[in-house]
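Encoded as structure tokens, the structure appears first; notes follow it.
The values are calculated or read from the model by the stated rules, or taken from the named source; none is laboratory data. The shown structure was predicted, so the numbers you read here are calculated from the model rather than taken from an experiment. Please note: Cβ atoms are built from the backbone with ideal geometry, for glycine as well, and neighbour counts cover all protein chains shown.
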Amino acid sequence: MSADPCSFSGTRSATRHLNLVLHVDFPRRVIRARVQLTVEALEDRFSVLTLDTKELQIVSVSVNGQAARFTMGPEHSFKGAALDITLPFELSRGQQAVVEVTYETAPSASALQWLSPEQTAGKKQPYLFSQCQAHHCRSMVPCQDSPSVKHTYYAQVSVPKDLVAVMSAVRDGQEVDPQDNNRIIYRFRQPVPMPSYLIAIVVGALESREIGPRSRVWSEKEFVDKAAFEFSETESMLKTAEDLVGPYVWGQYDILVLPPSFPYGGMENPCLTFATPTLLAGDKSLSNVIAHEISHSWTGNLVTNKTWEHFWLNEGHTVYLERMIGRSLVSEQFRQFKAMGGWKDLQESVNTFGADNQLTNLVPSLQDVDPDDAFSSVPYEKGFALLYHLEELLGGPDVFMGFVRSYIQRFSYGSITTDEWKNHLFTYFKDQVDVLNKVDWNAWMFTPGMPPVKPQYDTTLADACIALSQRWIKAKDQDLSLFKESDAKTLSSHQLIEFLSLLLQEDPLPLSHVKKMQEVYDLNAIMNSEIRFRWLRLCVRSRWEEAVPMAMKMATEQGRMKYTRPLFRELSNYEKYRDEALRVFLAHRAAMHPVTAGLVAKDLKLDASKTTSL
């Protein structure tokens, strides 16, 4: 078993269960906590347990009730510090011990974002949410913070009585806190083993609505009805996924809509998918993100990448499944259309990193690399492109889904590497090994840049977008009067996104063109975040000054990195507004999620120490 370069915890032991007792302290912005880890020795004469921590204040440690010696290692730039616990006795292979750590999180814990009442929709109560992927759980819980280790967990969480707590687990009742009758204790249990990065907690003025036999939406009351409408197709997506890959094992599938600063589109926490409010388009057109998070219940949560170097196993398969759900619910042409859009996202990531950057490898080395810095659409879309290429070589989607199903059955409840995946592929398709041997595995897996093969996707749904974008690219100023409102009226929101994506791949349009586009299509009025994000980037690129305040607003009033980072990059590339972009970023930085703020600062080439002044 190879060690995880992003963790100190090693391979000599494995946590089987966590029991968490959390006391959420809003005034101090800390969680006071006690965790009991049931740890199993994987070798004989095991006597030192190493846990990952980050900025945790350790109060005491005991093993099977006996006090234990512990030391903290040096602080690493992104890995935190190793907590070495000397057991009072030796364990033989297969023996277990219960290690209890009493500790407190830091107000700056990278997994936790504490929002003041002003930063919430309701403006009255504070709010807390966690985001542990990739390696931030260690700032909330001392643990073996590696996806190679899976465990069950129970938790009890004490919060002020006006607030509600939910976790990535099944809700298991609540009671008044016996220590303080102004607080409530919420209980949770997660009986399915999962990696530490999927532990999640939210505390706020939450309400919920039932949207299906095993699903509720949770959010502040300002969003809850909107969310219930937007995600009303959840059960049919779940059923479609079950038809494709087998039973859903997690019991409940709830969706929680977070405040706008949440850095991702969604996060597949078991039993409780997190979603950005930017998905609330009003017409269900962005609910494919929910299909993606549902798919993670199998690929990622049930079968997990062993280290973050194999992240494509989580994301490539999940994109593949998400698009198969789209195929079942809409059409094969729709799947092909979404795949074309994904290829463009991949090109954009490769261009941003640089075509010779090792982080554009499907399987990058993360030795001394912060996994947050490696995050991009590469594992998603290069991973999907490989699976789609294999599907074409091996007999089409129905044949290849047989492999995906068998892969999930074979590796459920485990964590695996790319080699194990590939060995299973060769075993499953043992009659077509000659076909598999022709695949240039090294070019796909370990070579930077775009994949060695570009799939030929069905362009039926894209043809209208391609034709319209070409008309705009080729139009001279005297031709602009030929564009009509009806050009865009016939396009679905998915096609409008594609039309704008195509324009973003070209040289910037002349300013006269984007002004005319606004005049005939009124794109400023569209609130679908995917359309708005691309439209504003297009305007800023064409140096339309009127769009700058709108782009600044979108970059700061939500914190989804997919939008915030490219918008800030476009604004800082506009020489006239570069200083203004920096000023706006610095003014909003404190309200941003720590991961988002850190990566935007890197994008803007800001020295980490220059946080407040220019």
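Some observations on this one:
- Verdict on PHE274 being at pLDDT 95 or above, of a type in the set (Phe, Trp, Tyr) and assigned by TED's automatic domain parsing to the domain that holds ARG410: no
- The sole residue among SER349, SER365 that is surrounded by fewer than 18 Cβ atoms within 10 Å (Cβ to Cβ) and either in a helix (DSSP H, G or I) or small (Gly, Ala, Ser) (or both) is SER365.
- Verdict on THR71 being in a strand (DSSP E or B), surrounded by fewer than 15 Cβ atoms within 10 Å (Cβ to Cβ) and not aromatic (Phe, Trp, Tyr): yes
- Residue in segment 405-413 that is of a type outside the set (Lys, Arg), surrounded by 18 or more Cβ atoms within 10 Å (Cβ to Cβ) and not in a helix (DSSP H, G or I) present: no
- Filter result for PRO191 (under 26 Å from the mean Cα position of the chain (by Cα) and surrounded by fewer than 18 Cβ atoms within 10 Å (Cβ to Cβ)): yes
- Of all residues in segment 259-312, none satisfies the criterion of being in a strand (DSSP E or B) and basic (Lys, Arg).
- Filter pass, TYR127 being surrounded by fewer than 20 Cβ atoms within 10 Å (Cβ to Cβ) and under 27 Å from SER215 (Cβ atoms): no
- Against the test of being at pLDDT 95 or above, within 25 Å of the chain's Cα centre (by Cα) and of a type outside the set (D, E, K, R), the options LEU42, LEU20 yield a single qualifying residue, LEU20.
- Test: residue in segment 504-511 that is outside any loop (DSSP other than H, G, I, E, B), over 19 Å from ALA462 (Cβ atoms), of a type outside the set (Val, Ile, Thr) and at pLDDT 95 or above: yes
- For segment 123-224, the strands (runs of 3 or more DSSP E) that sit wholly inside it and include 3 or more residues that are aliphatic (A, V, I, L, M) and within 19 Å of ASN269 (Cβ to Cβ) are 150-160, 164-167, 201-204.
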